[in-house]
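A.B. asks: I am attaching a structure below and will ask some questions about it afterwards.
The values are calculated or read from the model by the stated rules, or taken from the named source; none is laboratory data. Predicted model, so just to flag it, every value in this text is computed and none were measured. Reconstructed Cβ throughout: ideal geometry from the backbone, glycine too, with neighbour counts over all protein chains shown.
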Amino acid sequence: MQNNALAQASVLQANAGPDLVLEQESRGGAQVTLKGYVELSPNSPLTNPENLVYIWQGPFGSVKGQSPTVILPAGVNEISLVVKNGEITSSPDKAIITVQDTVAPRIFIPPNPVIFFASGPKVPLVLNKPAVRDRVGPVRVSRDGPKDFLPVDSTTVITWTAMDAAGNQSSATQKLIVLPFESILHVHSVSPVSFPEQNAEKSDLFHSPTETIFLKITGQFITTGATDGIDITREVVTVVFGENKETLASGSFVSATTKDSYIYKSENKGIREILFQEDGSFTLFAEGWVEEGRKEPKVKFFSFKIGNDRGEAYLPLDKNCSLESHRH
């Protein structure tokens, strides 16, 4: 019986095709179309190949057909083919199909170069990660270079690297330029002033009687270095006075730069009005409140600051100088 089966198999020989190496197309692996053949012995009694049945076995299970399309996972896959014709079944023939990922991920660097402006000896290093794309799976992104800070007046080139799970990697460089931002803030005069119009309802904001303090400040704000003027829309102007450095007024802007002439008027506590000229000179009216019964601070210095690190100036005041108070 066994000899009869061997004889039949020798008459009908399956061919699963050559071993292959395929590129992985997705996380699921790669799609492949199998191609089977039959080899007949010279004395084979088979005359009608159309009645042959091709049966494939592999990671995909069992499928029939001479050229079925299947999905093979990543790695080494053993494929087996047998061919039947009626009661005659061939011996199995095997093929090894290897699916592997050899394509590196794509990396897209953000705007390059990146320019920082520093008003001190160093600037915090804050960068957006580059975008990456990979057909197969997750990608790890890393970079070299400084971790936290960059020195002023420097150029640093860093390398971003994207690596996938198979170890394929691609790299791209990004240039970081730190330019000095120098600001000089001159305060020409500080004097108490009085506004004729008053808002009697302002005290309701504090739910208690208050006194209003007004200051008129004139000066000039000059920026130098690789910059086209400070964008006031991103800054906060702060006026500070007294022994305890108490904030008298603070306000931000809707639309203004040091290159524009602009007046800002505040409806609440803050910078009541400010006018910037094209040369950076300004006139500012600051407004604040002191609760009734509170001892008025002794003024020993005055500070006018634009932003957090753009420039600051102190102006000592005469011992006899006092702030004018107005009761609502």
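A.B. asks: With SER67, SER90, SER80 as the choices, which residue is of a type in the set (S, T, N, Q), modelled with pLDDT of 95 or more, over 30 Å from MET163 (Cα atoms) and surrounded by 15 or more Cβ atoms within 10 Å (Cβ to Cβ)? First the steps, then the outcome.
C.D. replies: Details: SER67 fails: surrounded by 15 or more Cβ atoms within 10 Å (Cβ to Cβ); SER90 fails: modelled with pLDDT of 95 or more.
Result: SER80 is the single residue among SER67, SER90, SER80 that is of a type in the set (S, T, N, Q), modelled with pLDDT of 95 or more, over 30 Å from MET163 (Cα atoms) and surrounded by 15 or more Cβ atoms within 10 Å (Cβ to Cβ).
Every residue, every condition in (1) surrounded by fewer than 18 Cβ atoms within 10 Å (Cβ to Cβ); (2) assigned by TED's automatic domain parsing to the domain that holds GLY75; (3) at pLDDT 95 or above, yes or no:
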residue: ILE96; (1), (2), (3): yes, yes, yes
residue: PRO110; (1), (2), (3): yes, no, no
residue: ALA118; (1), (2), (3): no, no, no
residue: LYS122; (1), (2), (3): yes, no, no
residue: VAL136; (1), (2), (3): no, no, no
residue: ARG140; (1), (2), (3): yes, no, yes
residue: PRO151; (1), (2), (3): yes, no, no
residue: SER171; (1), (2), (3): yes, no, yes
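A.B. asks: On to the next question. What about VAL157, is it in contact with a Lys or Arg (Cβ under 8 Å, 6 or more places away or on another chain), farther than 20 Å from VAL38 by Cβ and buried (at least 18 other Cβ atoms within 10 Å of the Cβ)? Can you show your working first?
C.D. replies: On the way: in contact with a Lys or Arg (Cβ under 8 Å, 6 or more places away or on another chain): yes; farther than 20 Å from VAL38 by Cβ: yes; buried (at least 18 other Cβ atoms within 10 Å of the Cβ): no.
The answer is no for VAL157.
A.B. asks: Follow-up. What do you reckon, is ARG106 surrounded by fewer than 17 Cβ atoms within 10 Å (Cβ to Cβ) and at pLDDT 95 or above? Steps first, answer last, please.
C.D. replies: On the way: surrounded by fewer than 17 Cβ atoms within 10 Å (Cβ to Cβ): yes; at pLDDT 95 or above: yes.
Yes; evaluated as a whole, the condition is true for this residue.
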